[in-house]
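K.L.:
Take this structure first; my questions come after.
The values are calculated or read from the model by the stated rules, or taken from the named source; none is laboratory data. As the structure is a computational prediction, the values presented were derived from the model and not from experiment. Cβ placement follows ideal geometry from the backbone for every residue including glycine, while neighbour counts extend to all protein chains displayed.
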Amino acid sequence: MICRQYQLDDKIMKTNDPMRLWQSEKGLVEVDKGALVLGIRLDDELKGYVLHGHGRLILDTIVETKDGAIGKPIEKEITEPLLMLGATEETQRHLVTATDEDLAEKGYGNQKEFAANAEKLFERFLGKERIHGGGYCGVPNGIVFAFAGKDHDLEILVADGAKIVYKAPDMVFVAERNRVLMKRPDHTILMNGRGSFIFGE
Amino acid sequence: MAEDLKEEMRKLKEEMASLKDQLKSMSEGEHRGRGLYIDIGNPMRGYVDDVMQGVAEGVHGELEKSIFIGPQGVRILRGQPFRQEEQERVDFAKTAEAMSALGHEHRLKILNELMGGGRYINELQEKLSEITTSTLSSHLKVLEEAGLVVQEKVRGRYLITIPGRTAYKMAQQVARFLERRNGE
């Protein structure tokens, strides 16, 4: 197995426009203009970013069973840093170099402070060793997000076309078209094209 | 599984026989005044509840082992069996809110449309042309707040929820029952 190490860029950028980082029929992730951005590289190849700015995560964690719909949409304001792997080409086009004023606007005294915060999230996601084994990073053609919550747990969203995996401290949601698994503290729902199965509630 | 159910039935019969014996001995031993006095107070009710709960848990355990996804869906309640105390704990405010949400012809028409699947607001508007756009929106808000309808945030479709579907069917049944009664 080949082990390679991720690195964070030195140069801090910012989003020049409001950006929709991901969108599908089930959800979206977007950040406002002025979000701070630091690139993530693997063997000098840009693989993703750590972003810090105001944004939104919307996910329709609703399951349509033959008995009716169950679940409700998740709508979260993003204020903490988030990590994103994938979709770098599209994102790169909307980035410009960040100034000290941009950093100050987000509460950072200097570039090192933001870099340290980005490192913290980066290590929470990948571990201190930052080692990746295998031939590719993230999901081929897909996108991976890690959202820093107030507690230690990260919220993870993996999306690849119609496939979505979302894991938060209080729920797991896996969907691919009409096949869905949703686990919440009080119930679990399994659904495929033929029917559904609900435990608990 | 059939064998296990037979076993549960056998246990139930045994419990029933035991209950009969207890009732018999109680009726023979206790006479107050002119009538027969049988005390089936709290201890007895608790016993019956426990027996029924035991049987329910046994059957539930069996069902849980076999996952079957049928065309109409399958549901298993994991909570405790419904008891008298739970009936007394009904949230009347919540019940009134749900009933109030149902209590409008337009809202029943909206639910009826949603029984056929998720709909965008313009689709509902097209089907329910007698309702103005602003009234339709406020009706949908009432249904959403009562938990009978949910709206997708990304696509914007409105979907009827499981409680919504149940409430709508219940309302239909009540209406049919009353119609039959009035016709008699």
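K.L.:
How many of the residues in region B:139-174 are within 14 Å of B:LYS109 (Cα to Cα) and either among the β-branched types (Val, Ile, Thr) or assigned to a helix (DSSP H, G or I) (or both)?
P.N.:
Adding up the residues that qualify gives 13.
K.L.:
Among the strands (runs of 3 or more DSSP E) confined wholly to region A:1-43, which include 2 or more residues that are more than 14 Å from chain B (Cβ to nearest Cβ) and surrounded by fewer than 22 Cβ atoms within 10 Å (Cβ to Cβ)?
P.N.:
Working: elements: A:3-15, A:19-23, A:27-31, A:36-42.
Here the list reads A:3-15, A:36-42.
K.L.:
If you don't mind, there's one more thing I want to ask. Give just the number: which of (1) crowded, with 21+ Cβ neighbours inside 10 Å; (2) within 29 Å of B:GLN151 (Cβ to Cβ); (3) away from chain B (no Cβ under 14 Å) does A:THR79 not satisfy?
P.N.:
Among (1) crowded, with 21+ Cβ neighbours inside 10 Å; (2) within 29 Å of B:GLN151 (Cβ to Cβ); (3) away from chain B (no Cβ under 14 Å), the lone unmet condition for A:THR79 is (1).
Here's the yes/no breakdown for (1) assigned to a helix (DSSP H, G or I); (2) modelled with pLDDT under 90; (3) surrounded by fewer than 16 Cβ atoms within 10 Å (Cβ to Cβ):
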site	(1), (2), (3)
B:GLY79	no, yes, yes
B:GLU86	yes, yes, yes
B:VAL90	no, yes, yes
B:THR95	yes, yes, yes
B:ALA101	yes, no, no
B:ARG107	yes, no, no
B:ASN112	yes, no, yes
B:GLY116	no, no, yes
B:ASN122	yes, no, yes
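K.L.:
Among what's in region A:44-68 and is surrounded by fewer than 19 Cβ atoms within 10 Å (Cβ to Cβ), of a type outside the set (Asp, Glu) and not in a strand (DSSP E or B), pick the residue that is farthest from the other protein chains (Cβ to nearest Cβ).
P.N.:
Per the stated criteria, the residue is A:HIS54.
K.L.:
Sticking with this one: Of the conditions (1) away from chain A (no Cβ under 12 Å); (2) in contact with a Ser or Thr (Cβ under 7 Å, 6 or more places away or on another chain), B:HIS139 clears all except one; give me its number.
P.N.:
(2)
K.L.:
From the residues in region B:124-135 that are over 25 Å from B:MET170 (Cβ atoms) and touching a helix residue (DSSP H, G or I) at 6+ places or on another chain (Cβ under 7 Å), which one is surrounded by the fewest Cβ atoms within 10 Å (Cβ to Cβ)?
P.N.:
Restricting to residues being over 25 Å from B:MET170 (Cβ atoms) and touching a helix residue (DSSP H, G or I) at 6+ places or on another chain (Cβ under 7 Å), the top hit is B:THR133.
K.L.:
With respect to A:THR91, is the statement that it is surrounded by 16 or more Cβ atoms within 10 Å (Cβ to Cβ), polar (S, T, N, Q), part of a helix (DSSP H, G or I) and in contact with a strand residue (DSSP E or B) (Cβ under 7 Å, 6 or more places away or on another chain) true?
P.N.:
So A:THR91 fits the description; yes.
K.L.:
Kindly establish whether A:GLY71 is more than 24 Å from A:ALA116 (Cβ to Cβ), in a strand (DSSP E or B) and not β-branched (Val, Ile, Thr).
P.N.:
Judged against the criteria, A:GLY71 is a match.
K.L.:
For region B:142-153, enumerate the residues that are closer than 28 Å to A:SER24 by Cβ and either under 24 Å from the mean Cα position of the chain (by Cα) or modelled with pLDDT under 95 (or both).
P.N.:
B:LEU143, B:GLU144, B:GLU145, B:GLY147, B:LEU148, B:VAL149, B:VAL150, B:GLN151 - these are the residues of region B:142-153 that are closer than 28 Å to A:SER24 by Cβ and either under 24 Å from the mean Cα position of the chain (by Cα) or modelled with pLDDT under 95 (or both).
K.L.:
Shifting gears a bit: Can you give me the number of residues within region A:184-200 that are more than 7 Å from every other protein chain (Cβ to nearest Cβ), surrounded by fewer than 16 Cβ atoms within 10 Å (Cβ to Cβ) and either touching a residue at least 24 places away in the same chain (Cβ under 8 Å) or outside any loop (DSSP other than H, G, I, E, B) (or both)?
P.N.:
Residues in region A:184-200 being more than 7 Å from every other protein chain (Cβ to nearest Cβ), surrounded by fewer than 16 Cβ atoms within 10 Å (Cβ to Cβ) and either touching a residue at least 24 places away in the same chain (Cβ under 8 Å) or outside any loop (DSSP other than H, G, I, E, B) (or both): 1 in total.
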